[in-house]
Amino acid sequence: PCMVADTGSVYCWGSNADQHAGAGDQQYAPSPTLIADEGYSYTQVHSGQLFACGLEGAQSHARCWGAGRYLGNPEAPEFYGSLPLPVQPTHNFDRLAAGPVTACARVEYENFQCWGANESAQMGDGTQTSEWGLLKPGFDNTSLEKVSLSEDNGCGIDAEGDLYCWGRSDLGVVGNNYSGQIPQTRPALVGYEHKWRSVSVGPTAACAITDQHELYCWGSNQYGLLATTVRSSDQIAQAPQPTAFDGAVLDVSVGTSSACAVMA
């Protein structure tokens, strides 16, 4: 994991075999370690499985470090980019999102560009073709304000509060009333009867908060991630379902086998 300090410096810690702690070496980092990127001030940072990316504030550039193929730079070393490298081509970005194997950044006031794995249609661009060097337009040019990416799926919310999801379909994480073997390669409108304020996607389930601060979840309930009063490990919700939360929900984060929410 990584974090941004109030000074704009980024600290990372944990396993560092692929040098995604950004400290210029492969040493295990048991405590927060300053990444070797002197002179840059960050506003956001996102950690993937073998890489991390940050949004640099002054120039609004994205910079990544870790396993070379995930860095969005055709000149990245084949194996490791132990020090932060600029995402190419260098645009000005104002949003950044990263999943375990895919990253996307929004060109200022325009649409997202993506790089990394796309075998499960994580980029939502109508293809299942990965891009390890230059960036490719993502999310079928749907204009999104907020994006959450998991290993095989993605969801996003546009300026009107509409929710879209894409990617692997068999566990119902796309939320469009379909749970088959064919991925959803383009963003599908989800939960159209609501307006949405935030979304978080995990490997097997997703949750989102409406503009009325109600929490809905969908996908597999194998780990109880649908937050219903009854756990059924074989239950798959193919569309957003109301949860058992009583009260206003401000934020939610969905992981592999657990989730957390912030209540008002």
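The values are calculated or read from the model by the stated rules, or taken from the named source; none is laboratory data. Remember, it's a predicted structure, so these values are computed and weren't measured experimentally. All Cβ positions, even for glycine, are placed from backbone atoms using ideal geometry, and neighbour counts span all protein chains on display. When the accessible area is computed, the model is the full protein with side chains, heavy atoms only, and any ligands, DNA or RNA have been set aside. Shrake-Rupley method; radii C 1.70, N 1.55, O 1.52, S 1.80 Å.
A few comments on the model shown:
- Every residue from segment 209-255 that is at pLDDT below 95 and of a type in the set (Val, Ile, Thr): Thr228, Thr229, Val230, Ile236
- Scanning segment 117-136 for residues that are open to solvent by less than 50 Å² (accessible area, probe 1.4 Å) and in contact (Cβ under 8 Å) with a residue 60 or more places away in the chain yields Ser120, Ala121, Gly124, Asp125, Gly126, Gly133, Leu135.
- Filtered by the rule that a residue be outside any loop (DSSP other than H, G, I, E, B), touching a residue at least 24 places away in the same chain (Cβ under 8 Å) and of a type in the set (A, V, I, L, M), segment 248-264 gives Val249, Leu250, Val252, Val254, Ala259, Ala261.
- Test: residue in segment 98-116 that is open to solvent by less than 10 Å² (accessible area, probe 1.4 Å), in contact with a Ser or Thr (Cβ under 6 Å, 6 or more places away or on another chain) and among the hydrophobic types (A, V, I, L, M, F, W, C): no
- Residue list for segment 148-168, restricted to those being more than 16 Å from Gly99 (Cα to Cα) and buried (at least 24 other Cβ atoms within 10 Å of the Cβ): Leu163, Tyr164
- Any chance Trp166 is farther than 19 Å from Ser253 by Cβ, part of a strand (DSSP E or B) and touching a Pro at 6+ places or on another chain (Cβ under 8 Å): yes
- Each residue in segment 14-36 was checked for being modelled with pLDDT of 85 or more and either open to solvent by less than 80 Å² (accessible area, probe 1.4 Å) or touching a Leu at 6+ places or on another chain (Cβ under 8 Å) (or both), and 4 pass.
- So Tyr192, is it closer than 20 Å to Gly154 by Cβ, touching a residue at least 24 places away in the same chain (Cβ under 8 Å) and under 21 Å from the mean Cα position of the chain (by Cα): no
- Checked against (1) assigned to a strand (DSSP E or B); (2) out of contact with any Pro (no Cβ under 6 Å at 6 or more places or on another chain); (3) open to solvent by less than 30 Å² (accessible area, probe 1.4 Å), Glu145 passes all but condition (3).
- Meets criteria (closer than 26 Å to Leu226 by Cβ and more than 13 Å from the chain's Cα centre (by Cα)) for Tyr164: yes
- The residue of segment 117-142 that is nearest to the chain's Cα centre (by Cα), among those that are assigned to a loop (DSSP other than H, G, I, E, B) and not polar (S, T, N, Q), is Met123.
- Across segment 57-90, the number of residues qualifying as within 16 Å of Tyr40 (Cα to Cα) and surrounded by fewer than 22 Cβ atoms within 10 Å (Cβ to Cβ) comes to 9.
- Strands (runs of 3 or more DSSP E) (entirely within segment 30-116) containing at least 2 residues that are among the hydrophobic types (A, V, I, L, M, F, W, C): 51-56, 61-67, 80-86, 93-98, 102-107, 112-116
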